[in-house]
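Derivation of every value follows stated rules applied to the coordinates shown; laboratory data play no part. Bear in mind that the values here come from a model prediction, so they are computed numbers and not experimental data. Glycine gets a Cβ as well: all are built from the backbone with ideal geometry, and neighbour counts include every protein chain shown.
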Amino acid sequence: MSFLVEDNPARHRFEILVDDALAGFTAYEPRGEVLVFTHTEVDPQFRDMGVGSALVRGTLDQIRERGGRLVPECTFVAAFMDRHPEYADLVAD
């Protein structure tokens, strides 16, 4: 099973493809240079397979590469970041 996380700026979300099928997304609202994450959703057929965590990890890695910042309003993103403090530096003040 292969995962690919891509930003879809037209839809304001990062999407995860599993073997070329759209499996989920994490939506954001751009506020200046900061992305406010509001909702994460994984297709039921891909749940309990680590897809949500792979989506958030891939999203956060891309934000870090860009030098970006975020606000984790989405409870799934916030919980992931609580479990992975190595991403805490990405949270905007």
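Positive end of the dipole of the chain (Cβ unit charges, origin at the Cα centre): among Val91, His12, Ser53, the Cα lying farthest that way belongs to Val91.
Contact order normalised by length for the chain, with contacts defined as Cα pairs under 8 Å and 6 or more residues apart; what percent is it? If you can, show how the numbers build up before the last one.
On the way: 150 pairs, mean separation 21.6, N = 93.
Dividing the mean separation by the residue count of the chain yields 23 percent.
Relative to the longest principal Cα axis of the chain, at what angle does helix 51-66 sit, 0 to 90 degrees, rounded to 10? In the chain, helix 51-66 runs at an angle near 40 degrees to the longest axis. Global size of the range 30-84: 11.6, 35 Å for Rg and Dmax (C-alpha atoms, Rg to one decimal, Dmax whole). When both bridge partners sit in the chain, DSSP labels roughly 80% of those beta bridges antiparallel. If you compute log10 I(q)/I(0) by the Debye sum over Cα atoms at q = 0.17, 0.21, 0.23, 0.26 Å⁻¹ for the structure shown, which of (i) -0.77, -1.05, -1.21, -1.44; (ii) -0.87, -1.12, -1.21, -1.31; (iii) -0.65, -1.01, -1.20, -1.51 do you land on? Label of the calculated value: (iii). Around the amide H of Ala92, modelled in the peptide plane, lie the amide H atoms of Leu70, Val71, all under 5 Å away and 5 or more residues distant in sequence or on another chain.
Neighbours of Val5, meaning other residues whose beta-carbon lies under 9 angstrom from its beta-carbon, give a summed charge of -3 when Lys and Arg score +1 and Asp and Glu score -1. With +1 on each Lys and Arg Cβ and -1 on each Asp and Glu Cβ, how big is the dipole of the range 3-90 about its Cα centre, in debye rounded to the nearest 20? Taking the Cα centre of the range 3-90 as origin, the dipole is about 200 debye.
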